[in-house]
1. Of the numbered conditions (1) in contact with a helix residue (DSSP H, G or I) (Cβ under 7 Å, 6 or more places away or on another chain); (2) open to solvent by less than 10 Å² (accessible area, probe 1.4 Å), Gly339 fails exactly one; give the number of that condition.
2. Tell me, please, whether a residue that is surrounded by fewer than 24 Cβ atoms within 10 Å (Cβ to Cβ), in contact (Cβ under 8 Å) with a residue 40 or more places away in the chain, farther than 30 Å from Ile7 by Cα and among the small types (Gly, Ala, Ser) can be found in region 112-132.
3. Can you tell me which residues in region 258-286 are of a type in the set (Lys, Arg) and modelled with pLDDT of 95 or more?
4. What pairs come out if I take residues in region 26-40 that are without any contact (Cβ under 8 Å) to a residue 60 or more places away in the chain and pair them with residues that are outside any helix (DSSP H, G or I) whose C-beta lies under 8 Å away, six or more apart or interchain?
5. Out of Gly289, Gly275, report the one residue that is assigned to a loop (DSSP other than H, G, I, E, B) and under 21 Å from Arg304 (Cα atoms).
6. Against the definition (buried (at least 22 other Cβ atoms within 10 Å of the Cβ) and hydroxyl-bearing (Ser, Thr, Tyr)), how does Thr38 come out, yes or no?
7. Take Gly282 and decide whether it is closer than 19 Å to Ala341 by Cβ and either open to solvent by 50 Å² or more (accessible area, probe 1.4 Å) or charged (D, E, K, R) (or both).
8. Considering only region 389-420, how many residues are within 29 Å of Asp201 (Cα to Cα) and surrounded by fewer than 18 Cβ atoms within 10 Å (Cβ to Cβ)?
Amino acid sequence: MDMYQKIIEAADAVTPKLILQRRDFHKYAEPGWQEMRTSSIIARQLTELGYEVLVGEQVCLRSARMGVPAEAVLENAYQRALEQGADEEFVKVTRGGMTGVIGILRCGEGPTVALRFDIDALGVYESQDEDHFPAAEGFASVNSGVMHACGHDGHAVSGLGVAQVLMQIKEQLHGTVKLIFQPSEEGVRGAKSIVEKGHLDDVDFFLGAHTTAEDDEGSDVTPGSTGALATGKYDVVFTGRAAHAGGEPHLGRNALQAAAAAVMSLYGIPRHGAGASRINVGKLVAGSGRNVIADEAFMELEVRGVSTEINDYMCRHAMQILEHTAAMYECTVEVREMGGAEAMFCTPELMERVAKISAEKLGLKVSENLLEDMGGSEDVSYMTNRVQKNGGQATFIRVRSPQKAGAHNRKYDFDESYIPKSIKIFCATVYDLMK
């Protein structure tokens, strides 16, 4: 049998069980660094398939994780994972937020190919309306305020499907495959810790993918992505001194005033002449009462740039403003990095290879434009950039299927035809690279 036809049939064969698994992941959605049940189930299934499995401290560099929740939040997530059917052996190593799994398939000499699948959910309250398919079918999230509203449940099971199909054709593969199930993509918090652990340093080819809505062309796949902005996400705490606003205002150090002045100055950062930049203060909370000089202010902000260099420029100026504005009002300031991503540029040769395989071997319709403009940020960029820096090739694919509502919406859902389509693209490309 033609190997590509075998991949098509194998992907279709595993899809029914994967749809059930997708609905299970959707029902028990877990946000970033709390994907303990999800990680344990993935690790168990990869182990049973015969993969070399890395978990816990083996996956992420602890010190490079960004935006990690408080210990109490992580412990509650761990107990919930146990109650909701986590694998008891593998969930133990996720305690404290060490989530994520890597499955390795070694097939002798040849290139190393890495595939990334993100697994986390969002802080969204899922719709319970009858016209929302997960609610109607009984698999809407039971974890209040947490929802798979960006398709990562589909990404995760696509990775498990890829694992099954590649194991069926492993005798025809030459080299090494790394299946990276990444935690905490939302908020761009997780990829850097995997890269800093060294897992991308020996990779020759890298592929990531995201489910995407249909386009006017009716295409199935766009082989690459563009427009992914570099970004930095920060939590900022200004600390001053409380005092009576009427009787002793001179003894106070107004953290609210410092934060407000900082906001105005942040929006005044001169834009870079070499390309687009962004800054946004999305949250500002300060003070305790009308007659109290505020002794603390909390701010959430982000910067972005069309290139990593422009983003660094915005970040550098933002940090200077925060520091000097605090000093101007005799306050102190603490800045915590909560997330980050780099600018991303896909390798044309690999994009063209994915396009050719998808069209000629899988019978899929490829978008006339090989690149889709993302417009946001994606921490898969840390992985693509590390591979390219070391001389390898990388691309971030868009796999299209019908969707209900937009991403991050409480009624978001994707058509489950995405799952076999994604598996076929990944597996056929891996085979083409390693045959």
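1. (1)
2. yes
3. Looking only at region 258-286, we keep the residues that are of a type in the set (Lys, Arg), and these are 271, 278, 283.
Residues satisfying the conditions are Arg278, Lys283.
4. Note: pairs meeting the criteria are Arg37/Tyr28; Arg37/Glu30; Arg37/Gln84; Arg37/Gly85; Arg37/Ala86; Ser40/Ala86; Ser40/Asp87.
5. Values: Gly289 fails: under 21 Å from Arg304 (Cα atoms).
Criteria check complete, one pass: Gly275.
6. On the way: buried (at least 22 other Cβ atoms within 10 Å of the Cβ): yes; hydroxyl-bearing (Ser, Thr, Tyr): yes.
When the stated conditions are applied, Thr38 passes them.
7. Details: closer than 19 Å to Ala341 by Cβ: yes; either open to solvent by 50 Å² or more (accessible area, probe 1.4 Å) or charged (D, E, K, R) (or both): yes.
So Gly282 passes the test.
8. To start, the set of residues in region 389-420 that are within 29 Å of Asp201 (Cα to Cα) comprises 389-399, 419.
Subset that is surrounded by fewer than 18 Cβ atoms within 10 Å (Cβ to Cβ): 389-391.
Of the residues in region 389-420, 3 are within 29 Å of Asp201 (Cα to Cα) and surrounded by fewer than 18 Cβ atoms within 10 Å (Cβ to Cβ).
The values are calculated or read from the model by the stated rules, or taken from the named source; none is laboratory data. Here the structure is a predicted model, which is why all the values come from computation and not from measurement. Ideal geometry is used to build each Cβ from the backbone, glycine not excepted, and the neighbour counts take in all protein chains shown. Note: areas computed on protein heavy atoms with side chains; ligands, DNA, RNA excluded. Shrake-Rupley method; radii C 1.70, N 1.55, O 1.52, S 1.80 Å.
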